[in-house]
Amino acid sequence: MDSALELCIQYGLDFLELRALGGSTDLLEYFKQNKTSAGMPKVLVLASSFALLGEDKARREKLYREAELADKIGAKYIRVFGAGGNKMENNLTRIQIEAAARTIEALRREFDNRNVSCELILETHDVLSFSKPCYDLNNCLDIPVPILWDSYHTWRHGKESPEDTWSLLGPMIKHIHYKDGLASSGSSAGAYTLPGEGQYPLSELKRVLQSGKYENGISLEWEKLWHPALPAIQEALNAFIKIFSL
């Protein structure tokens, strides 16, 4: 956590989004071994691996403990996925969408029972890399679930332009992931590049955010833990800050 704090100070970051610390994605274990302190940077999102479809009781219980941790460190949101396994097919049935909505409702009830105040935020990833099922899911809920727009996934896997995604999900989007890469790469993940050096339509993203008066957070998603050959985070942050400070 000290290195994350140093990055916040060095680059003047407003917040952190936590997915991994100490080389591990087990944030519960990390904070068990490393106590929180008054010097912690602001954490906006704690990123869990929980998926709304296909999860078991044990994973749900882990999410509750992660949500309690999110409260403890002051995070506003806890991130969840649609389904596990990085499936990118746009073939969710109405039954599956309704099942995902029921899971959200059940999680919210349990959060209330446990006096958890952080909110679920749903990432546009895997089977929800497409705007329409995200939109349909929120139509099944009395209180829409906030959307974490993984802008790279809706573009590369959902085959949507930033304008198309924003036109359907704009009012629901409360946080954004940004990264860049080569859509033509044969890799399933795409060949990631430094911000601004890939094929992602960055100018269109910035245009729709400006026209839509977006005022929430944007995180640089830098997956060096999974892709060690990527440049250092400092190099990526330099490019990211230059892009979004213009």
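Computed from the coordinates I sent, mean projected area of the Cα convex hull in nm² equals one of [x] 13.0; [y] 19.5; [z] 14.5. Tell me the label. Recomputing mean projected area of the Cα convex hull in nm² here picks out [x].
Protein heavy-atom accessible surface, 1.4 Å probe, per residue over the chain: 50 Å².
Each principal axis of the Cα cloud of region 16-105 was taken in turn, and the coordinate range along them, longest first, works out to 46, 25, 23 Å.
Applied to region 60-65, the Karplus parametrisation 6.51 cos²θ - 1.76 cosθ + 1.60 on θ = phi - 60° returns per-residue 3J(HN,Hα) values of 5, 5, 4, 4, 4, 5 Hz, with x for Gly and Pro. For the chain, DSSP calls about 15 percent of its internal beta bridges antiparallel. Out of every Cα-Cα pair that region 116-173 contains, those further apart than 12 angstrom amount to 62 percent. Sites count as exposed loop sites when they are trypsin sites (Lys or Arg not before Pro), lie in a DSSP loop, and have at most 10 other Cβ atoms within 10 angstrom; the longest stretch of the chain without one is 36-212.
Would you work out what percent of the accessible area of the chain, with all protein chains in place, is carbon or sulfur (probe 1.4 Å)?
After summing per-atom areas, the C and S share lands at 48 percent.
With a simple spin-label model that places each label point 7 Å from the Cα along the Cα-to-Cβ direction, the separation between GLU89 and GLU163 comes to 3.2 nm.
Put a dot 7 Å past the Cα of GLU235, heading toward its Cβ, do the same for GLN199, and the two dots end up 2.2 nm apart. Each residue of region 164-169 was assigned a 3J(HN,Hα) from its phi angle through the Karplus curve 6.51 cos²θ - 1.76 cosθ + 1.60 (θ = phi - 60°); the sequence is 5, 5, 5, 4, 9, 10 Hz, with glycine and proline shown as x.
Mean residue ellipticity at 222 nm, helices only, the chain: -12000 deg cm²/dmol; runs of at least 4 DSSP H residues each add -39,500 (n - 2.57), and the sum is divided by the number of residues. Estimated at 0.36 nm per residue, the fully extended path between ARG114 and ARG60 surpasses their Cα-Cα distance by 18.1 nm. Amide H contacts under 5 Å for LYS224: none, restricted to partners 5 or more places along the chain or on a different chain, H placed in the peptide plane at 1.01 Å from N. With 0.36 nm allotted per residue and the present C-alpha distance subtracted, the ILE9-ALA106 stretch has 31.0 nm of extension available.
Between SER24 and MET40, the modelled label-to-label distance comes to 1.7 nm, taking each label 7 Å out from Cα in the direction of the beta carbon.
The values are calculated or read from the model by the stated rules, or taken from the named source; none is laboratory data. All values derive from a computational prediction rather than experimental measurement. No Cβ is skipped: glycine too gets one built from the backbone with ideal geometry, and neighbour counts run over all protein chains shown. Just the protein is used for accessible areas: all its heavy atoms, side chains included, with ligands, DNA and RNA removed. Shrake-Rupley method; radii C 1.70, N 1.55, O 1.52, S 1.80 Å.
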